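Below is one structure, written out as structure tokens, with a few remarks after it.
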Number of protein chains: 2
Amino acid sequence: MSVAEPMGDTTAAPTRSRRRERRPERRAGAAAPAYITRRIPTYELLGEEALARIEDTADRILEEIGIDFRGGDDRAIELWREAGAEVDDERVRFPRGLVRQVLSTAPAEFVHHARNPARSVRIGGDAVVFAPAYGSPFVMDLDQGRRYGTMDDFRNFVKLAYASPWLHHSGGTVCEPTDVAVNKRHLDMVYAHIRHSDKAYLGSVTAEERAEDSVEMTRILFGAGFLESNCAIMGNFNVNSPLVWDATMTQGIRAYARANQGTIIVPFILGGAMGPVTNAGAIAQAHAETLVGCALSQLERPGAPTIYGNFLSSMSLRSGSPTFGTPEPALGSLVVGQLARRAGLPLRCSGAFTTSKLPDAQSMMESVTSMHAAVQCGANYILHAAGFLDGLLSMSYEKFVLDADFCGALHTYLAGVTVDDTTLALDAFREVGPGNHFFGCAHTMANYETAFWDSELSDNTTFEQWSEAGGEDSMVRANKRWKRILAEVEDPPIDPAVDEALRDFVTRRKGSMPDAWY
Amino acid sequence: MSVAEPMGDTTAAPTRSRRRERRPERRAGAAAPAYITRRIPTYELLGEEALARIEDTADRILEEIGIDFRGGDDRAIELWREAGAEVDDERVRFPRGLVRQVLSTAPAEFVHHARNPARSVRIGGDAVVFAPAYGSPFVMDLDQGRRYGTMDDFRNFVKLAYASPWLHHSGGTVCEPTDVAVNKRHLDMVYAHIRHSDKAYLGSVTAEERAEDSVEMTRILFGAGFLESNCAIMGNFNVNSPLVWDATMTQGIRAYARANQGTIIVPFILGGAMGPVTNAGAIAQAHAETLVGCALSQLERPGAPTIYGNFLSSMSLRSGSPTFGTPEPALGSLVVGQLARRAGLPLRCSGAFTTSKLPDAQSMMESVTSMHAAVQCGANYILHAAGFLDGLLSMSYEKFVLDADFCGALHTYLAGVTVDDTTLALDAFREVGPGNHFFGCAHTMANYETAFWDSELSDNTTFEQWSEAGGEDSMVRANKRWKRILAEVEDPPIDPAVDEALRDFVTRRKGSMPDAWY
């Protein structure tokens, strides 16, 4: 398999042109860039003094309070002891500077390879990668409402992400396929990502052997030697906040790192529950927890790719429920972006979060707030960019295509404002003059095809046109759209020998153990 | 009437506390700040070189091409001639530096007084003021659909803005009251703002005498001498882009400035129609058009308050319709914010724009994109912050309360992240330790009431709770909410003598002319 450089967007913002319109839906992905190269600055919320205070608080948490490594991953604790940490049973305390020193081997940027080299993504620096939501036990659509996710749903979301020109990555557990045994579903999930998409994907993290299976399937796909020096799969690992790393997670981190594959390290802090109710404290805690997880990957294998992840949320005082897409985590993302850059690590940030149970006004108010923060803070890998409803518990077919459409808009947003002779258009003003219109002028004719983002889901027609066409809510249009995409999408080609080897592996592994449902 | 300093939010972000919950809806406004004092930095999109190129292009447009003053406002042209501009019939060309020199008398910041001094708003600097949408001929609600706006609708929207703790200003033409004669409706509109609200308001701009009537009613309200040295009313003036100022507008600008009252100067550029299809050129044009309008106010009366306004939009290549809430105008707002600061003028930016015909997912995707840009770019006065649907043509009751709720969230967003000993919460970590929760810890108990934004319209309950409560879309909840607010809101008190004088003025002016309907 080729190790070509990934094809980011290095020329112009991908904007819908008339030419695009004639292409069938399933080909839409073909013309899109493999990822976005941001051309707008990050939004710098805090100054040096405030950032240094947050970092100092994280250092003090690590030094004075420490982190528990629970569940029996003795090797993880041993690695920290060898590195110079103070170990007191499960509790590990980190002398000031130790974690940053361990992290010095982590790459600031790396390539996450896809089986189609044209879809490999760059992670870090100015690159921005959008991936679907991850981990919902339920799925929803307007026809059937909410029900447990199945392997059919899983394949559908992989196909929807493959068909979208605005999602660069296939994600991981796009929904929980609850109709497959817990100890075997990772095999079907990884196979589905490989077979129904040619974009890069995440593997399992729920047990060390499942992480190893995920890596092994990727080895079969890419060839044995490729993974030794290239990242072709990543795992997404959650801290058990506050200040606890569970053995399942640390064993998984070490399994991916051991194979030189990527780890994404993500605290999961609902303020007031797993962290302080105040933003600055929750951010300091997240910083401490993340750095320790990223550093563990370096203790296992220096130089293994690792991503600084972030997941902050807030809480409703009225309902006692977690809230998402609110201002506090949006601000938190902006600060976390600054901290990740200062730590020299690629950043994963929160995506299209909402507590709404329908793809309605609330859902997009919250999701857009969260997504704006994610792209403005400089996140490189944005998991959960499409699909969530119901406080992360449900993956919605309609929300998925609404979010994917908004990811398209963000391609244009991240392209920024180009200021040059062409865009300043002084000749157009000379040609048109006061009081006339620009419709037919030379500048318009030369530039209109790439001028504006044109959503395929938004309705910009007049009230009368819209009424005559049925007066549909955007969630109804989204319902039609995902059905059309699924009806038209075709699997990308795959080498039959590789496909057979993957199927053999899955069959063999499934046959080696009884079903477990917990 | 007192000339007290307005009461901006100078302490803490207004967050829903339990205490707030017990207050009746109509009192909600009482506790809210008169305006927001931003505590987050502006989002600086472009660097010095790019900004200087845009400014240079604006200068060249003004110098080489010039602006037409059409419709017979000879005095406006004469003022420019006296100032040193080159006048060729209607065309005025501006030697480089002239406009900026004229603008040197414009205040960078001023107070826009409300009849209730506690509601006076600061315009400029770090102050942010939210005002309702302006100018729709139609109104919409879920019960009756779309129809022409009436004076009853107008009063309803004034009351809804008065009742909202998150809208700081009463706006102007909150909808067109099409059941009142065109030449008389300004009298009813200004009276409605004064009678049903105690927040600051905008007056008429559709004819010089209507501008003068609006100012005169404000003089009756505040007392004759007050307006000589204080701003108590403003007018919102549109450029007839590209590069044309109509006499109706320039006469209105001069009428407000003559009375030392505020002018908001706003180009209305749909890229590809009234300006170039490329963002940089449209911004340069807007900059030129705005500066000339602001400067005209200074020629009429040096020192009169004037606001740098902005309205950029894009176009759908598929439908040929204007689009709103898209990435290009959001980026444009960020640049315009930089230009306004460099010009030393307060800024008005675009608000909650959308082309959607329902308060659905599309509507908030677009409105939130636009509003984020408005607050991030440093806008001081955000007109159209609540109510629009249908590409500015309709004022929606449901969208109004959804937008107002999002304005509440933006109060918290603009308060930023406070980093101090309390918020860093190191003691809380010491108390709670790894693996425990923060629910009952001392830090949580001391801080939870002001910790998080808690929307009154968003549903954060579980899927089961939400289903049991009826499974409502957020637009249905919004429908119930505006009806409850209107049922509960009470007019603020007013001095009966002032009220009678205002009614007399309206009756006299209405009696002085026959109805005109165009």
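Derivation of every value follows stated rules applied to the coordinates shown; laboratory data play no part. Because the structure is a prediction, the values reported are computed rather than measured. All Cβ positions, even for glycine, are placed from backbone atoms using ideal geometry, and neighbour counts span all protein chains on display.
Here are some notes:
- For chain A, the relative contact order works out to 19 percent when only alpha carbon pairs closer than 8 Å and six or more residues apart are counted.
- Pairs beyond 29 Å (Cα-Cα), from B:Lys159/B:Lys184; A:Lys483/B:Lys483; B:Lys159/B:Lys510; B:Lys357/B:Lys483; A:Lys399/B:Lys357; B:Lys199/B:Lys483: A:Lys483/B:Lys483
- Straightening the chain between A:Tyr148 and A:Thr462 buys 109.1 nm, computed as 0.36 nm per residue apart minus the Cα-Cα spacing.
- For the stretch A:332-378 and the stretch A:88-140, distance of Cα centres in Å: 16 Å
- Value of Rg to Rh for chain A (Rh from inverse mean 1/r over Cα pairs, i.e. Kirkwood): 0.98
- Cα gyration tensor category, rounded, prolate or oblate, for the stretch A:419-481 with a/c compared to 1.5: prolate
- Annotation for the stretch A:151-228 versus the stretch B:37-81: alpha-carbon center distance of 54 Å.
- B:Asn116 sits among other residues whose Cβ lies under 10 Å from its own Cβ, and their net charge, with Lys and Arg +1 and Asp and Glu -1, is +2.
- Sorting B:Val128, B:Val419 by the number of Cβ atoms found within 10 Å of their own Cβ, with the fewest placed first, yields B:Val419, B:Val128.
- Antiparallel content of DSSP bridges confined to chain B, in %, to 5: 40 percent
- For the stretch A:205-288, the calculated P(r), taken from all Cα-Cα distances in 5 Å bins from zero up to the bin holding the longest distance, is 3, 15, 23, 17, 13, 11, 9, 6, 3, 1 percent.
- FRET efficiency for the pair B:Asp74 and B:Arg342, taken as 1/(1 + (r/R0)^6) with r the Cβ-Cβ distance and R0 = 35 Å, rounds to 0.60.
- The simple spin-label model puts a point 7 Å past each Cα toward its Cβ; for A:Arg484 and B:Thr105 those points are separated by 5.9 nm.
- log₁₀ of I(q)/I(0) at q = 0.15, 0.18, 0.21 Å⁻¹ - the stretch B:260-366, Debye sum with one point per alpha carbon: -0.65, -0.85, -1.05
- Normalised by 2.2 N^0.38 Å, where N is the number of residues, the C-alpha radius of gyration of the stretch B:362-518 stands at 1.55.
- Across the stretch A:128-211, the fraction of Cα-Cα pairs farther apart than 18 Å, rounded to a whole number, is 38%.
- Tilt relative to chain A, helix A:208-222 - C-alpha long axis, 0 to 90 degrees, to 10: 50 degrees
- The C-alpha atoms of chain B define a longest principal axis, and helix B:74-83 lies at about 90 degrees to it.
- Using a 7 Å Cα-to-Cβ projection, A:Arg75 label spacings across copies, nm, ascending: 8.6
- Every Cα-Cα pair in the stretch A:26-149 was counted, and those over 23 Å apart are 64% of them.
- Across the identical copies, how the A:Asp88 labels are spaced - nm, sorted shortest first, 7 Å along Cα→Cβ: 8.4
- Residues of the stretch B:235-270 with amide N under 18 Å of a point placed 7 Å along Cα→Cβ from B:Val87: B:244-255
- Label-point spacing for B:Gly47 across the identical copies (point 7 Å from Cα in the Cβ direction), in nm and ascending order: 2.3.
- From the Kirkwood radius over Cα pairs of the stretch A:475-515, Stokes-Einstein at 37 °C and 0.692 mPa s returns a whole-number translational diffusion coefficient of 246 µm²/s.
- Histogram of C-alpha separations across the protein assembly as shown, 10 Å bin width, %: 2, 11, 20, 23, 20, 13, 7, 3, 1, 0
- Nearest 10 degrees, 0 to 90: helix B:474-488 Cα axis against chain B principal axis: 80 degrees
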